[in-house]
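K.L.:
Pasting a structure below so you can have a look.
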Amino acid sequence: MATLWHGRFEGGPSEALQALNDSLPFDRRMFREDVAGSRAHVRMLARVGLMSDADAEAVLAALDATETELADGTFAFAEADEDVHTAVERRVTELAGDAGARLHTGRSRNDQVATDLRLWTKRELAELADLVTRFQATLADVAERAGDAYLPGYTHLQQAQPVLLAHHLLAHGWALARDVDRLLAARERTDVSPLGAGALAGSSLPLDPDGTAADLGFAARFENSLDAVSDRDFVAEALFALALLGVHLSRVGEELILWSTDEFGFVSLDDAFSTGSSMLPQKKNPDIAELARGKAGRLVGHLTGLLTTLKGLPLAYDKDLQEDKEPLFDACDTVRLTLLALDGMVATLVLNVDRMAEVADSPYSAATDLAEFLVAEGMPFREAHAVVGALVRAALAGEGALADLVAADDRLGPDAAALLAPGVPVSRRTTPGGAGPEPVAVQKARFAERLDAQRARLDA
């Protein structure tokens, strides 16, 4: 098959140009979207009188056959197929003859490709939002399984205050909820049909962009033909949402790496979601968590690369925009695999709650409770902070156990010393959204409501 522009040129493209120009190796995954867009376009051409009903039926049948061949792997690609769009049109023309040659009436590669990519992105973002929701549900299940277990909360990776394990797990769950919001918001802004914009200026033919938009399930059609074919901000926004999601998954991974070390010992990994060492027989490695951490850098790189590509492009279409698909496809694939693997890893964790409590029960973790005890007695907080800090310093210097020093201090006494008992500090976290039993019980219910709301949005 000749190139799509052969009428203007005496000869064909060089091998180097052909190799650089070809996008078929990666854009062939959009074949269903390309066929769907072509079907809508054909039906529109028939409605407005630019294609006879008989030709439309022949082309639609050829599109059905082409999709079947692509789906079952029997499609024979030709050397001249520079992209999936060329391949589909070529095969449709082979099957439908002259009718197939009318398929591209009133359409440019520019609006065709943008339409395909928007359709693909819409579907993919919804599927990934669903996977995030499933992972959130797993975190909620483990939080429920954790019961009243508690562990140290950290700032600067230094022990700060004990928190319920459920509270800690749901912190990741709420961050992921915002990721779902971003994915679905990006999907909403992607939900605009470019079909009918042509190369950049629309058409003199009586096309019906509103009709094709409705046919394809888009919420709206483009308002400006130049904008419709020239911007990939929807891809950039999708990549941002995926990159930030990857960062949140990386944080989950980092904690699992730490928690599964002998030094922490908070969790044990299931054999199916860990690896061993080729040299060290005792090892059980958290490879999934490490890869979740590493893949986040890959996702950030995809976002940075596309933004750099887009920043200097003039209106309207430029071939640079071909660079939008590989990062998007890879980002979606990467996030999907990471979510599935992390979900299994978290679901099968063995929680070593005794070890968590052992570490969390350090008397120093209750230092803030001691200061708040003094505040409740009327002492200004900064003064109370200094009093407790001095007692901590004395205990660390070997002048006595902190509990004994607190009990002996006439500003504190035995009642304050009782706050250092195992499990007491976490029980005192009572403010809304806090880490103690009462607010966490409320939080669990609110998180369950949030998951239900997400599922309803995804089902709509």
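K.L.:
Could you list all residues from segment 405-439 that are touching an Asp or Glu at 6+ places or on another chain (Cβ under 9 Å) and touching a residue at least 60 places away in the same chain (Cβ under 8 Å)?
P.N.:
422, 423, 425, 426, 429, 437 - these are the residues of segment 405-439 that are touching an Asp or Glu at 6+ places or on another chain (Cβ under 9 Å) and touching a residue at least 60 places away in the same chain (Cβ under 8 Å).
K.L.:
Applying the selection to segment 402-448, what residues are within 20 Å of residue 163 (Cα to Cα) and assigned to a loop (DSSP other than H, G, I, E, B)?
P.N.:
Matches in segment 402-448: 421, 422, 423, 428, 429, 430, 431, 432, 433, 434, 435, 436.
K.L.:
Hey, another quick one. Taking residue 243 as the residue in question, decide whether it is free of Cβ contacts under 8 Å to residues at least 40 places away in the same chain and closer than 27 Å to residue 313 by Cα.
P.N.:
no
K.L.:
If we keep just the residues of segment 389-401 that are outside any helix (DSSP H, G or I) and among the hydrophobic types (A, V, I, L, M, F, W, C), which is surrounded by the fewest Cβ atoms within 10 Å (Cβ to Cβ)?
P.N.:
397
K.L.:
Within segment 172-188, can one find any residue that is at pLDDT 95 or above, touching an Asp or Glu at 6+ places or on another chain (Cβ under 8 Å) and either under 19 Å from residue 361 (Cβ atoms) or surrounded by 21 or more Cβ atoms within 10 Å (Cβ to Cβ) (or both)?
P.N.:
Yes.
K.L.:
Looking at 70, 63, 95, can you tell me which residue is in the same structural domain as residue 16 (by TED's automatic domain parsing), part of a helix (DSSP H, G or I), under 23 Å from residue 197 (Cβ atoms) and touching a residue at least 12 places away in the same chain (Cβ under 8 Å)?
P.N.:
Matching residue, one of 70, 63, 95: 63.
K.L.:
Identify all residues within segment 21-60 that are among the polar types (S, T, N, Q) and in a loop (DSSP other than H, G, I, E, B); write none if there are none.
P.N.:
Passing the criteria: 23, 52.
K.L.:
What is the residue count in segment 144-167 for residues that are in a helix (DSSP H, G or I), out of contact with any Lys or Arg (no Cβ under 9 Å at 6 or more places or on another chain) and buried (at least 23 other Cβ atoms within 10 Å of the Cβ)?
P.N.:
Keep residues of segment 144-167 that are in a helix (DSSP H, G or I), which gives 144-146, 165-167.
Next cut, out of contact with any Lys or Arg (no Cβ under 9 Å at 6 or more places or on another chain) only: 145-146, 165.
Right, trim to buried (at least 23 other Cβ atoms within 10 Å of the Cβ) and you get 165.
The number of residues fulfilling the criteria is 1.
K.L.:
Starting from segment 337-366, take each residue that is over 16 Å from residue 168 (Cα atoms) and list its partners that are among the polar types (S, T, N, Q) and assigned to a helix (DSSP H, G or I), counting only C-beta distances under 6 angstrom and pairs at least six apart or across chains.
P.N.:
Hits for this filter: 343/138.
K.L.:
Can you pull out the residues in segment 359-381 that are over 12 Å from residue 428 (Cβ atoms), part of a helix (DSSP H, G or I), of a type outside the set (A, V, I, L, M) and in contact with a strand residue (DSSP E or B) (Cβ under 9 Å, 6 or more places away or on another chain)? Working first, answer last.
P.N.:
Taking segment 359-381 first, the residues over 12 Å from residue 428 (Cβ atoms) are 359-364, 367, 371, 374-375, 377-381.
Still in the list and also part of a helix (DSSP H, G or I): 359-360, 363-364, 367, 371, 374-375, 381.
Add one more test, that the residue is of a type outside the set (A, V, I, L, M), and what stays is 363-364, 381.
The one that is over 12 Å from residue 428 (Cβ atoms), part of a helix (DSSP H, G or I), of a type outside the set (A, V, I, L, M) and in contact with a strand residue (DSSP E or B) (Cβ under 9 Å, 6 or more places away or on another chain): 364.
The values are calculated or read from the model by the stated rules, or taken from the named source; none is laboratory data. A quick note: this is a predicted structure, and the numbers were derived from the prediction, not measured. Cβ coordinates were reconstructed from backbone atoms using ideal geometry, including for glycine residues, and neighbour counts include every protein chain displayed.
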